[in-house]
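Please treat every number below as a calculation from the coordinates, not as lab data. All of these numbers come straight from a predicted model, not from anything done at the bench. Every residue, glycine as well, gets a Cβ built from its backbone with ideal geometry; the counts of neighbours run over all protein chains shown.
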Amino acid sequence: MVNICPIPQNDLAAFLPLTYPRYRALLAEAEPQVVAIGAYDQQQQAIGLAVASQQQRSAEVLSLFVAPAYRRQGIGRQLLNALETNLRQQACDQLHLVYSQTDQPSPMLGLLNQEQWPTPEARMLIFKLDVLRMAQAAWVQRQYRLPKNSSIVAWQDADPVALTWLTTQQTARWFPPGLSPFELEQPFDPSHSLVFCQDQQILGWVMTHLIDPQTRVYTQFYVHPDLRQTGIALALLTTALRHQAAQAEQWGMAAIRHDSAMMRNFLDRHFSDYLVSLRSTWGASKILASTTD
């Protein structure tokens, strides 16, 4: 017999290993916006966990996990159902969920179908590369010619005038708000994040940070639309890759929009020989009917 219920505060510690490290602090501190539903076995051991974060009338599923020995028993479905019920009782009327899969369909798809969620839509492609091997490729070693009065430098070495100019461009709309280097969710590495400067203007950047001593995440990569056929993008990217290889950091990770034909073609053309892993993320949203309906 499996017991599905909200987790008492004095029991939260037992469930911390069942979610991602970045969410454990939310659980441990019992943040008020966090909803946590647990699954207990007959010995009252933690075997499953669903976590959501609620903001007013909307919530996002952060984590849904069932211990391997208890899978394919409908526990994931019960957890998600209990999470929805709990959120409805808190006047939440919309629930969002994102999950990832490799080239094999995720069990999450069947679960969502059973719970009458709308069909998920493809969002991002997340890939991991062997940068040390890729750095030996001729196209990475090539020194691309830059225009007059231009340079590629680390963010920390950028001209202060150029940085100030870039802050004024956030309303100019030549780069989307989601690609502003001033609005990154994760702190970036100023010594290994690069910018392309021309005539005291920053017209391109590649922002990175380390998640472990061997893995660098490429969070943003953007070049002014007028420069996309000039080789500046390749110059920026290959400089960043050479810098990473010089630090003996083996792996690089990045994500691109699933519907970006240009970036998918770039991935296929330049990265396919160095791929370590490739997975896609899918998202869906469900309207939660009121408990009074």
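By how many degrees, 0 to 90 and rounded to 10, does the Cα axis of helix 232-246 deviate from the longest principal axis of the chain? With both axes taken from Cα atoms, the answer is about 70 degrees.
Computed from phi, the 3J(HN,Hα) profile of the range 180-195 under the Karplus parametrisation 6.51, -1.76, 1.60 (θ = phi - 60°) reads 6, x, 8, 10, 6, 6, 9, x, 9, 8, x, 8, 10, 8, 10, 10 Hz, with x in place of Gly and Pro. Placing +1 on each Lys and Arg Cβ and -1 on each Asp and Glu Cβ, with no other charges, gives the chain a dipole about its Cα centre of roughly 680 debye.
Put simply, the amide H of Gln94, placed in the peptide plane, has neighbours under 5 Å in Ala59, Leu288, leaving out anything fewer than 5 places away on its chain. Subtracting the Cα-Cα distance of His96 and Leu179 from 0.36 nm times their residue separation leaves 27.6 nm of extension gain. Projecting the Cα positions of Trp174, Pro120, Ala233 onto the charge dipole of the chain (unit charges on Cβ atoms of Lys, Arg, Asp and Glu, taken about the Cα centre) puts Ala233 furthest along the positive direction. Taking the number of Cβ atoms within 10 Å of each Cβ as an exposure proxy, the fewest-first ranking of Val276, Val140 is Val276, Val140. Here the Gaussian network model covers the chain, with springs between Cα atoms less than 10 Å apart; of Gln250, Gln143, Gln42, Gln42 fluctuates the most. Just need the Rg to Rh number for the range 52-172, please, alpha carbons only, Kirkwood Rh. My calculation of the ratio gives 1.18. At full extension, Ser150 and Gln214 could sit 19.9 nm farther apart than now, given 0.36 nm per residue minus the alpha carbon distance.
A full extension of the chain between Gln169 and Ala13 corresponds to an added length of 51.6 nm, given 0.36 nm per residue minus the alpha carbon distance.
Modelled label positions at Ala69 and Leu275, each set 7 Å beyond Cα in the direction of Cβ, lie 3.6 nm from each other. In this calculation the C-beta distance from Asn3 to Leu234 is compared with R0 = 51 Å, giving a FRET efficiency of 0.35. Rounded to the nearest 500, the helix-only mean residue ellipticity at 222 nm of the chain stands at -6500 deg cm²/dmol, with each DSSP H run of n ≥ 4 adding -39,500 (n - 2.57).
Going by how many other Cβ atoms sit within 10 Å of their own, how do Thr219, Thr230 line up, fewest first?
With the fewest neighbours first, Thr219, Thr230 line up as Thr230, Thr219.
Modelled label positions at Gln42 and Ala248, each set 7 Å beyond Cα in the direction of Cβ, lie 5.4 nm from each other.
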